[in-house]
Amino acid sequence: MAGLVQAGYIASSLLCIGEIPGQKYYCTTDQSTLGSISGLASQLTARQGNILGILGVGSGVLASLAAVGFPPDVLIQFAGVAGIGSIIGEKIC
């Protein structure tokens with residue numbers, strides 16, 4: 001389980017901050033790689049930057065929950081509250 005938690009942390013950091021070599025965006029003049037922060041630098045790539053950031057934060061939260069080892073009842077409560085918050089956030093935006 002410890003290796004899986006570490007992999008989740010690495011995935012989270014790459015999605016949130018790092019440059020992801022496989023993600024290419026071809027501009028008219030040059031090609032650049034995107035991570036979520038560099039994706040937010042342009043309005044053309046902001047949507048992809050937001051998605052990568054959301055995936056990064058989500059994987060970080062899941063890795064943290066797995067590292068602590070909460071009982072299933074707490075995880076079910078967390079999933080319910082996160083689901084309700086997601087629905088409310090979707091309706092507002």
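The values are calculated or read from the model by the stated rules, or taken from the named source; none is laboratory data. Model, not experiment: these values are computed from the prediction. Backbone-built Cβ (ideal geometry, glycine too); neighbour counts: all protein chains shown.
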Across the range 35-49, the tally of residues that are of a type in the set (G, A, S), in a helix (DSSP H, G or I) and at pLDDT below 80 stands at 3
Taking the range 3-34 and keeping only residues that are at pLDDT 75 or above and of a type in the set (G, A, S), one is left with G3, A7, G8, A11, S12, S13
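Conditions (1) free of Cβ contacts under 8 Å to residues at least 60 places away in the same chain; (2) outside any helix (DSSP H, G or I); (3) more than 14 Å from Q6 (Cα to Cα), marked per residue:
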| site | (1), (2), (3) |
| --- | --- |
| A66 | no, no, no |
| F70 | yes, yes, yes |
| I76 | yes, no, yes |
| G83 | yes, no, yes |
| S86 | yes, no, yes |
| K91 | yes, no, yes |
When you scan the range 65-75, do you find a residue that is modelled with pLDDT of 85 or more, crowded, with 16+ Cβ neighbours inside 10 Å and out of contact with any Gly (no Cβ under 7 Å at 6 or more places or on another chain), even just one?
yes
